[in-house]
Amino acid sequence: MSNEVNDTENEVIQTAEQADETAAAAVDTQDTKDGEEKIDKKTYIIREIISWIQTIVFAVIFAFLITTFIIVNAKVPSASMENTVMTGDRLIANRLSYKFGGKPQRYDIVVFKYPDDESKLFIKRIIGLPGEEVLIRDGLVYIDGSDEPLRSDFQHEAMDMPEDANGNVVHELHYTVPEGHYFMMGDNRNNSLDSRAWQNKYVAEDKILGKAVFRYSPIKTAGVIK
């Protein structure tokens, strides 16, 4: 009888030990799963951070390439081109307009480096082409001795003629555009610092950055620039 009791006690002890081992194994398994979940979560976070960094770097490089080689993103600082382009307007100029053999044309509105200070960008309308004689007479513009003045429908108002040192109105102004250069004027002729007033009056072709093609701000006036 005593032996049977001992055997029974041994079986109980063994069963308890087995249960403890099973519980310990279960704990180890759970710890392993928790550890794997933590590693997976950490790996996921790292991958997400790397993905965001890659996206940001790509966007910066893409924006740099676009603004360097394809477009000029500019804000108009003055009233010299009103009412075509207003003060504070934001616009895009196409750098590719004059690449691959294309040439700036009369009446194009362009963004270019200001010839008296190339650290500044100006926006004006092309009036005189390379090699042309530009005559401004009584507020109208003539090319190469033509009797027909250039169109002026885009002007803000009729152009006033300047006065000389004695206060007399100057009725004629003459300009000869060098080869490879352009004569620029603002549409707001009476409030425009342009080729008529610059020390270096003409803009070299390689200083023209692009043709203004689209105004994107303010939204209510967004659209193609003509």
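Results for (1) aromatic (Phe, Trp, Tyr); (2) touching a strand residue (DSSP E or B) at 6+ places or on another chain (Cβ under 8 Å); (3) surrounded by 11 or more Cβ atoms within 10 Å (Cβ to Cβ); (4) not assigned by TED's automatic domain parsing to the domain that holds THR87, shown as yes or no for each residue.
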site: GLU132; (1), (2), (3), (4): no, yes, yes, no
site: ILE136; (1), (2), (3), (4): no, yes, yes, no
site: GLU157; (1), (2), (3), (4): no, no, yes, no
site: TYR175; (1), (2), (3), (4): yes, yes, yes, no
site: PHE183; (1), (2), (3), (4): yes, yes, yes, no
site: SER192; (1), (2), (3), (4): no, yes, yes, no
site: VAL203; (1), (2), (3), (4): no, yes, yes, no
site: LYS220; (1), (2), (3), (4): no, no, no, no
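Working only within the range 94-110, note down all residues that are surrounded by 15 or more Cβ atoms within 10 Å (Cβ to Cβ) and at pLDDT below 95.
The answer is ASN94, ARG95, SER97, TYR98.
What are the residue pairs meeting all of these: first residue in the range 52-80, first residue farther than 16 Å from LEU96 by Cα and surrounded by 10 or more Cβ atoms within 10 Å (Cβ to Cβ), second residue at pLDDT 80 or above and among the acidic types (Asp, Glu), Cβ atoms under 8 Å, and 6 or more apart or on different chains?
LYS75/ASP89; VAL76/ASP89; SER80/ASP187; SER80/ASP194
May I ask you to verify whether GLU172 is touching a Phe, Trp or Tyr at 6+ places or on another chain (Cβ under 8 Å), more than 26 Å from TYR98 (Cα to Cα), modelled with pLDDT of 95 or more and of a type in the set (Asp, Glu)?
Judged against the criteria, GLU172 is not a match.
For PRO162, indicate whether it is assigned by TED's automatic domain parsing to the domain that holds TYR182 and either over 31 Å from the mean Cα position of the chain (by Cα) or among the small types (Gly, Ala, Ser) (or both).
yes
Can you pull out every residue in the range 93-141 that is within 28 Å of the chain's Cα centre (by Cα) and charged (D, E, K, R)?
Once the filter is applied, which keeps residues that are within 28 Å of the chain's Cα centre (by Cα) and charged (D, E, K, R), the range 93-141 yields ARG95, LYS99, LYS103, ARG106, ASP108, LYS113, ASP116, ASP117, GLU118, LYS120, LYS124, ARG125.
In the range 144-191, what residues are touching a Lys or Arg at 6+ places or on another chain (Cβ under 9 Å), of a type in the set (D, E, K, R) and not in a strand (DSSP E or B)?
Listed by number, the residues that qualify are GLU157, ASP160, ASP187, ARG189.
The values are calculated or read from the model by the stated rules, or taken from the named source; none is laboratory data. The model shown is predicted, which means the values in this text are computed figures rather than measured ones. Cβ atoms come from the backbone with ideal geometry, glycine included; neighbour counts cover every protein chain shown.
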